[in-house]
Amino acid sequence: LLQSCSPCNVMFSSLEGVSLTAAKERGQLVFLEGLKSCLDLLFGEEEEEQSGQPSPLQFISESASNLKALFDFVQTSLTAAGSDSWKGPVLLVDDLSVLLSLGATPVAVLDFIHYCRVTVCSQLKGNIVVLVHSHEDSEDEENELVVTSLCHHSDLILWVEGLATGFCKDVHGQV
Amino acid sequence: IVSTEEDKYGLYSNLLFKYFLAEGVVCGHELFVASAKEHPDNILKELPAPLLDDTCRNELGEEATAVKSEDFQDSMKIAWRYQNLPKIEASPMTSTKFGHYYDISKTMSPELCQSIKWHSFYLPEELSLQPKMKTCAMNSAYRKLLQSIQRIIYHEGFDGSDPQKKQKNILRIGIHSLGSMLWGDDICSSDTPEDVHSLTKFLYVLRGLLRKSLSACIITVPAHLIQNKAIMERVTNLSDIVVGLESFIGSERETNPLYKDYHGLVHVRQIPRLNSLICDVSDTKDLAFRLKRKLFTIERLHLPPDLSDTVSRASKQDLAESAKLLSSGCGAMAIGKKHLDF
């Protein structure tokens, strides 16, 4: 949601043997570029609206803050390819905290993740990896609510932070 | 997006804002200046004049030699361990030159200003504009601003939509005091604002526009006035670089002898991670700024040695706090200051 496609491409290509573009062409990867999708939604021409499919980020322009359109997008992408080809799908969300900044309520965000879990984990036997921002003195209560709830429902939590003793050149932080 | 948290009276953040725009003029970029308070024409008239190479070297050279002669003459007796460490050049002229230097006691010549193309958005004049953007729950001033930016990006071809335009240029956008009441946002006046998400939605869309075009943007935000701190946390997450300016004016630090050489502190809250997995982290985290007659400089904060027996408790605590944060502080003290000039 926060970065456009090409920086991600560059990042992944620095890892040996991994290419996002190739994966996309093989149908292995569906990339929702949140920023681009948002721009299309808000500045798009009239004709695009009539093409039928609502934008995944529909909730930004509507006052109702449910993320159903986003979930529909996820579901469609995962089931469109046919049940054979998607073995153990992985849904990666970067980053969930942005949805709160865009007007979604914490409940809507948690509902979205819940629906995704049902589809991805239970039905399709896959995994979900979600990135959220948080820190000790955060005053963002909505965000902390989402983070706490996610922690309760997660099988594995990776908490990445800088060192408590302060900044150090060689070791940047701890996991 | 470069977000600057304004200092209390906005003096220094205005300077940074003008430096950003001035650099654009000198590099031949196109400018887009948006303000709800001061007319962009006036802002552009007050840009600092660039320092030409010769004068620049003189200005900074004088200072550098003064520092050198004081500190480096005597061999070190107490701090002998540091003698063998390479001396850090105080003068920036020897390091790779990045950007230009400006003389803030002079304003940029009108000819230079007019040599580039610029666009302005002055909110009081744009009130009649009907936004064509799809409705979304966002403050109408922000919507109009986004509309205006999107239009310039599209019509001037910054998003690559006009393949015939061979000369690629960069659009530098400066938005002054975003989030303040003058933009119709009440996040600075109430802790339960009407629309908490307006500013963050605006930033998200702005980010989208910047990502798909050849542009860079600086915004200044009166962070000290925003009641709901969660909003500033979200603004930080949505920006690429966040710098906070804390001026000493009117605070107890103004009279604190520890900070007598400086006018304020620079807090780097976020550094960009564009197109890479890691970011370029500098050695020091403590930066202070000072406004001299002609130059605004940002330097590594270094503290005078704690020699006095009668140092008061408050300042000792300050010193201890800062010492904890300074990782290579001792080295810097003995060897010299490292200047980061704008």
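The values are calculated or read from the model by the stated rules, or taken from the named source; none is laboratory data. None of these values were measured; they are calculated from a predicted model. Neighbour counts are summed over all protein chains in view; Cβ atoms, including those assigned to glycine, are modelled from backbone coordinates with ideal geometry. Protein only, heavy atoms only, side chains kept; ligands, DNA and RNA dropped before computing areas. Shrake-Rupley method; radii C 1.70, N 1.55, O 1.52, S 1.80 Å.
Examine region A:111-127 for a residue that is facing chain B (nearest Cβ under 10 Å) and either in a helix (DSSP H, G or I) or modelled with pLDDT of 75 or more (or both), and state whether such a residue exists. Taking every residue of region A:111-127 in turn, none turns out to be facing chain B (nearest Cβ under 10 Å) and either in a helix (DSSP H, G or I) or modelled with pLDDT of 75 or more (or both).
Name every residue in region B:186-195 that is open to solvent by 10 Å² or more (accessible area, probe 1.4 Å) and within 18 Å of B:Glu5 (Cα to Cα), in order of residue number. Can you show your working first?
Going residue by residue through region B:186-195, those that are open to solvent by 10 Å² or more (accessible area, probe 1.4 Å) are B:186, B:188-195.
Hits for region B:186-195 are B:Asp186, B:Cys188, B:Ser189.
Whether any residue in region B:231-239 is more than 22 Å from A:Gly34 (Cα to Cα), in contact (Cβ under 8 Å) with a residue 40 or more places away in the chain and open to solvent by 10 Å² or more (accessible area, probe 1.4 Å) is what I want to check. No, region B:231-239 has no match at all.
Selection within region B:105-137: residues that are among the aliphatic types (A, V, I, L, M) and modelled with pLDDT under 80. The member of this set that is least open to solvent (accessible area, probe 1.4 Å) is B:Met133.
Just to be sure I understand the filter: pairs with C-beta atoms under 9 Å, separated by 6 or more residues or on different chains, first member in region B:251-267 and touching a residue at least 60 places away in the same chain (Cβ under 8 Å), second member open to solvent by less than 40 Å² (accessible area, probe 1.4 Å) and polar (S, T, N, Q). Which pairs pass? Correct list of pairs: B:Asn256/B:Ser315; B:Leu258/B:Ser315; B:Leu258/B:Ser322; B:His263/B:Ser247; B:Gly264/B:Ser247.
Within region B:23-40, residues that are of a type in the set (Phe, Trp, Tyr) sit with their Cβ atoms under 7 Å from residues that are assigned to a helix (DSSP H, G or I) and surrounded by fewer than 22 Cβ atoms within 10 Å (Cβ to Cβ), at 6+ positions apart or across chains, in these pairs: B:Phe32/B:Ile152. Selection of region B:212-222 for residues being within 13 Å of chain A (Cβ to nearest Cβ) and buried (at least 21 other Cβ atoms within 10 Å of the Cβ) yields only B:Ser213.
I'm checking my understanding of the structure. Among residues of region B:242-275 that are open to solvent by less than 50 Å² (accessible area, probe 1.4 Å) and aliphatic (A, V, I, L, M), which one is nearest to the other protein chains (Cβ to nearest Cβ)?
From region B:242-275, those open to solvent by less than 50 Å² (accessible area, probe 1.4 Å) are B:242-245, B:247-248, B:251, B:256, B:258-259, B:262, B:264-266, B:270, B:272; that's our starting set.
When the remaining residues are screened for being aliphatic (A, V, I, L, M), the result is B:242-243, B:245, B:258, B:265-266.
Working: B:Val242: 13, B:Val243: 17, B:Leu245: 20, B:Leu258: 19, B:Leu265: 16, B:Val266: 15 Å.
Step by step, filter region B:242-275, then rank; the result is B:Val242.
Quick one: would you say B:Val205 is within 13 Å of chain A (Cβ to nearest Cβ), under 20 Å from A:His133 (Cα atoms) and not in a helix (DSSP H, G or I)? For B:Val205, the condition - within 13 Å of chain A (Cβ to nearest Cβ), under 20 Å from A:His133 (Cα atoms) and not in a helix (DSSP H, G or I) - is not met.
Among the residues of region A:106-120 satisfying the criterion of being buried (at least 17 other Cβ atoms within 10 Å of the Cβ) and not hydrophobic (A, V, I, L, M, F, W, C), which is farthest from B:Tyr204 (Cα to Cα)?
Filtering region A:106-120 down to residues buried (at least 17 other Cβ atoms within 10 Å of the Cβ) leaves A:106, A:108-110, A:112-113, A:115-116, A:119-120.
When the remaining residues are screened for being not hydrophobic (A, V, I, L, M, F, W, C), the result is A:106, A:115, A:119.
Details: A:Pro106: 18, A:Tyr115: 25, A:Thr119: 28 Å.
Restricting to residues being buried (at least 17 other Cβ atoms within 10 Å of the Cβ) and not hydrophobic (A, V, I, L, M, F, W, C), the top hit is A:Thr119.
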